[in-house]
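Visitor: Just passing along the structure, written as structure tokens.
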Amino acid sequence: MILAGQLVSSKEVRAAQVRVDGPTIVEVGERLGTPDVTFGDECLIFAGMGDIHIHARDDVSEKETHKEDFRTAAAAAIHGGVVHVADMPNNPAAPIDDASYAAKQRHLERRNVPICITLYAGIGPGTRPLSRPVPYKAYMGPSVGDLYFSTLAQLDETLSHYRGCDVSFHCEDPELLEAHKGEPTHERRRPPQCEVSATRFALAMIEKYDLTGKLCHYSVKEGLPLIRAARERGLRVTCEVTPHHLYFDESRIDETNRGLMQMNPPLRQPADRAAMLEALRDGTLDYLATDHAPHTLAEKAKGVSGQPHLDTYGPFVTWLILREKFTAERMAAVCCENPGEFVNRYTSPRRFGRIEPGYAASLTVLNLARPTSVRREDLRTKCGWSPFEGVTFPGSVEAVYIDGQRVS
Ligand SMILES: [Zn+2]
């Protein structure tokens, strides 16, 4: 099969063709033959987009599958133009050692989902590395689930066993969270200094134990210079940012939406939001990763933190391009190439992130001329709502290919 149109990489946008054989891209060039499918100039063809921070809420316990499972998460991902995801480990049956990780992996295989799902393993008090290479997630402070440390000294001791590993950090200092727990609002109970302090600590751990580090859902302006300085010192550290920290800030919270706008870390000030957009543009932030956290509306009304974002991933990218003036090339870096590099160590021999021979024939085609109005009835996430309901994004997902098959 030959597809033709505007191909996007982090270096350029060019009119070209892609030849696909089975699940793999075999050739890219200007005149490969008569195309089977041609996308017009209003469309951009990206390598399949990847969301490396989601919570599918599915594990062997099936205690949380009323809100999402691997199948509904995969359907929401495809709806949003996402072809691979990485799933966080804060499950009731948390994957923290070889046996529990293998059990979650087998459970995922039984679900038989059309997208590629990479599983993180959790780092909690007293855990040790698995015998196979996996990405790890360390929760510093209390969030959703039981995988957290109450002191940073306890986390330091545990991390000393993970030398050289690939560790993602949820940056909120548990001691400072405890100190602010009497404040009147969610935002003030988890203030910016919790994240800044935790950033200093995470960077120190990355340096001390020679980790390949990733900071999750970055949200505070004051932390960005610390990250830049750490990279200048040679630390291997990358950073995610979510759609909610790029689109909303504290000024958008009112008495009608307070519960829906609650997540960890919380929404910040308008200056922080502007700084996240700038940092995503200048390369300080590396991934558009949603922290897709499906909770039902009934749970949200009781103060559970998190927002679902898989359904709207691609339309949100068109907002970044058309409204916030990001280049298509930068979007290819943060939605395709960098997420691909993150998971390719674990998905081998399948490789994601580039439209090049040998990579998966998984593609995300965005249409910049056809807007998307986000409506509850169109969502595929089982939790059944989106913080973007009523929003019209300027573009849409035109087509999604997975392993050479058109799935949307
Ligand atoms: Zn998360």
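The values are calculated or read from the model by the stated rules, or taken from the named source; none is laboratory data. Nothing here was measured: the structure is a model prediction, and the numbers come from that model. We place every Cβ from the backbone using ideal geometry, glycine too, and count neighbours over all the protein chains shown.
Visitor: So which residues in the stretch 74-103 are part of a helix (DSSP H, G or I) and under 29 Å from Val397 (Cβ atoms)?
Guide: Within the stretch 74-103, Ala74, Ala75, Ala76, Ala77, Ile78, His79 qualify.
Visitor: Looking at Thr296, Thr242, can you tell me which residue is more than 16 Å from the ligand (Cβ to nearest atom) and either modelled with pLDDT of 95 or more or more than 21 Å from the chain's Cα centre (by Cα) (or both)?
Guide: Selected residue: Thr296, the only one of Thr296, Thr242 that is more than 16 Å from the ligand (Cβ to nearest atom) and either modelled with pLDDT of 95 or more or more than 21 Å from the chain's Cα centre (by Cα) (or both).
Visitor: Moving on to the next point. I need a count of the residues in the stretch 307-325 that are farther than 26 Å from Ala73 by Cβ and in contact with a Leu (Cβ under 8 Å, 6 or more places away or on another chain). Quick ask: steps written out before the conclusion?
Guide: Start the filter on the stretch 307-325 by keeping residues that are farther than 26 Å from Ala73 by Cβ, which leaves 322-325.
Pick out the ones that are also in contact with a Leu (Cβ under 8 Å, 6 or more places away or on another chain) and you get 322, 324.
Qualifying residue count for the region: 2.
Table: residues versus (1) modelled with pLDDT of 95 or more; (2) surrounded by 19 or more Cβ atoms within 10 Å (Cβ to Cβ); (3) assigned to a loop (DSSP other than H, G, I, E, B).
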| site | (1), (2), (3) |
| --- | --- |
| Leu3 | yes, yes, no |
| Ala15 | yes, no, no |
| Val18 | yes, yes, no |
| Ile25 | yes, yes, no |
| Leu32 | yes, no, yes |
| Gly40 | yes, no, yes |
| Ile45 | yes, yes, no |
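Visitor: Look through Ser131, Ser168, Ser160, Ser61 and report the one residue that is touching a Gly at 6+ places or on another chain (Cβ under 9 Å) and either surrounded by fewer than 22 Cβ atoms within 10 Å (Cβ to Cβ) or hydroxyl-bearing (Ser, Thr, Tyr) (or both).
Guide: Exactly one of Ser131, Ser168, Ser160, Ser61 is touching a Gly at 6+ places or on another chain (Cβ under 9 Å) and either surrounded by fewer than 22 Cβ atoms within 10 Å (Cβ to Cβ) or hydroxyl-bearing (Ser, Thr, Tyr) (or both), namely Ser168.
Visitor: Which members of the stretch 32-56 meet the condition of being farther than 13 Å from Arg380 by Cβ, in contact with a helix residue (DSSP H, G or I) (Cβ under 8 Å, 6 or more places away or on another chain) and within 16 Å of the ligand (Cβ to nearest atom)?
Guide: Gly50, Asp51, Ile52, Ile54
Visitor: Quick one: in the stretch 300-329, of everything that is part of a helix (DSSP H, G or I) and surrounded by fewer than 18 Cβ atoms within 10 Å (Cβ to Cβ), which residue is nearest to the ligand (Cβ to nearest atom)?
Guide: Within the stretch 300-329, the subset part of a helix (DSSP H, G or I) is 300-301, 310-322, 328-329.
Add one more test, that the residue is surrounded by fewer than 18 Cβ atoms within 10 Å (Cβ to Cβ), and what stays is 301, 322, 329.
Working: Ala301: 20, Leu322: 28, Glu329: 28 Å.
Only one residue fits best here, namely Ala301.
Visitor: In the set Gly259, Gly182, which member is under 30 Å from Gly390 (Cα atoms) and surrounded by fewer than 21 Cβ atoms within 10 Å (Cβ to Cβ)?
Guide: Gly259
Visitor: Restricting attention to the stretch 172-190, which residues are outside any helix (DSSP H, G or I), at pLDDT 95 or above and within 23 Å of the chain's Cα centre (by Cα)?
Guide: Arg190
Visitor: Turning to a different aspect of this structure: Regarding Ser131, is this residue modelled with pLDDT under 95, over 19 Å from the mean Cα position of the chain (by Cα) and away from the ligand (no atom under 16 Å from the Cβ)?
Guide: Considered against the rule, which asks whether it is modelled with pLDDT under 95, over 19 Å from the mean Cα position of the chain (by Cα) and away from the ligand (no atom under 16 Å from the Cβ), Ser131 comes out as no.
Visitor: Starting from the stretch 81-93, keep only residues that are more than 16 Å from Gln405 (Cβ to Cβ), then list their pairs with residues that are near the ligand (Cβ under 10 Å from one of its atoms) and among the hydrophobic types (A, V, I, L, M, F, W, C) whose Cβ atoms are within a distance under 8 Å, requiring at least 6 positions of separation or different chains.
Guide: Between residues of the stretch 81-93 that are more than 16 Å from Gln405 (Cβ to Cβ) and residues that are near the ligand (Cβ under 10 Å from one of its atoms) and among the hydrophobic types (A, V, I, L, M, F, W, C), the close pairs are Val85/Ile54; Ala86/Ile54; Asp87/Ile54; Met88/Ile54; Asn90/Val144.
Visitor: Something else now. Among the candidates Ala275, Ala229, single out the residue that is under 30 Å from Ala204 (Cα atoms), crowded, with 20+ Cβ neighbours inside 10 Å and away from the ligand (no atom under 16 Å from the Cβ). Write out each step before concluding.
Guide: Details: Ala229 fails: crowded, with 20+ Cβ neighbours inside 10 Å.
Of the residues listed, the single one that is under 30 Å from Ala204 (Cα atoms), crowded, with 20+ Cβ neighbours inside 10 Å and away from the ligand (no atom under 16 Å from the Cβ) is Ala275.
Visitor: I've got another one for you. Any idea which of (1) touching a helix residue (DSSP H, G or I) at 6+ places or on another chain (Cβ under 9 Å); (2) at pLDDT 95 or above; (3) away from the ligand (no atom under 16 Å from the Cβ); (4) of a type in the set (A, V, I, L, M) is the one Ala93 doesn't satisfy?
Guide: (2)
Visitor: Would you pick out the residues in the stretch 204-220 that are within 16 Å of the ligand (Cβ to nearest atom) and among the polar types (S, T, N, Q)?
Guide: Ser219
Visitor: Which condition number in (1) within 23 Å of Pro89 (Cβ to Cβ); (2) buried (at least 16 other Cβ atoms within 10 Å of the Cβ) is the one that Arg345 fails?
Guide: Looking at each condition in turn, Arg345 falls short on (2).
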